[in-house]
Amino acid sequence: MKRDTLERSLRAHSFCSEFSAPVVAFLSGCTKNARFAPNQYLFKEDSDADQLYLLREGKVALESHLPGKGAVKVETLTGGGVLGWSVLFAPHRWHVDCRALEPTLAFAVDGVCLRDKMQRDAVFAYAVTRRLLWEVHKRLERARLQQLDVYKAEL
């Protein structure tokens with residue numbers, strides 16, 4: 001059985017679908033594989049946002065804590081999902097918890113390495129920023145539709 005290189009596997013992820021080969025190669029220098037067991041946290045609210053995660057397989061829940069209610073699921077992400085753009089914005093802190101709901105495999109992109117490479121290479125920075133903005137756009141659209149559904153239920 002032939003094992004894929006990290007770079008080849010990364011290129012197959014939807015986040016990297018529009019990246020040139022040099023951009024994927026540059027990104028792979030900051031990337032490692034990460035595995036999470038069910039109920040294991042990828043990160044906790046208000047801890048250091050030090051990784052960008054590109055989900056490969058599995059399912060995770062983004063959760064927020066509400067006083068008197070505990071953890072409330074905000075969104076569920078599966079393979080192809082992207083989370084962690086907080087690595088780009090000071091103070092580099094998580095705003096929610098992220099917990100694996102089932103065995104999960106992800107690419108973990110080191111935030112310090114990513115920021116450093118983005119500072120040094122404008123083409124790389126543009127490609128990553130453009131792709132992350134698309135992910136933010138999709139997340140905001142889902143949140144808007146979810147909110148409309150909540151309002152509909154109240155009518």
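Here, each number is a calculation from the coordinates, and none is a lab measurement. In this text, all values refer to a predicted model and were calculated from it rather than measured experimentally. Counting neighbours? That spans all protein chains shown, and the Cβs are built from the backbone with ideal geometry, glycine included.
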* Structure fact -> In the chain, whole DSSP H helices that both stretch 30 Å or further along their axis by alpha carbon positions and average at least -0.5 on the Kyte-Doolittle scale are 122-154
* Structure fact -> For P(r) over Cα pairs in 10 Å bins from 0, in percent, with candidates (i) 9, 28, 25, 21, 14, 3, 0; (ii) 9, 27, 20, 13, 8, 7, 6, 5, 3, 2, 0; (iii) 11, 37, 35, 13, 3, 0, the value calculated from the shown model is option (iii)
* Asked: When you count, for each residue, the other Cβ atoms within 10 Å and take the mean per peptide, how do 92-98, 66-72, 82-88, 40-46 rank with the highest first?
  -> 82-88, 92-98, 40-46, 66-72
* **Distance between the stretch 6-24 and the stretch 27-46 - C-alpha centres, whole angstrom** => 18 Å
* May I ask you to derive the FRET efficiency for Ala90 and Lys138 from their Cβ-Cβ distance with R0 = 25 Å, giving the value to the nearest 0.05? => 0.55
* When we measure straight from the Cα of Lys138, which aspartates and glutamates land under 15 angstrom away, once same-chain ones fewer than 8 places off are left out? -> Glu75
* Place a +1 charge on the Cβ of each Lys and Arg in the stretch 6-154 and a -1 charge on the Cβ of each Asp and Glu, then give the dipole magnitude about the Cα centre in debye, rounded to the nearest 20. => 240 debye
* To do: Please work out how much length the chain gains when fully extended from Asp116 to Ala71, using 0.36 nm per residue of separation minus the C-alpha to C-alpha distance, in nm with one decimal.
  => 12.8 nm
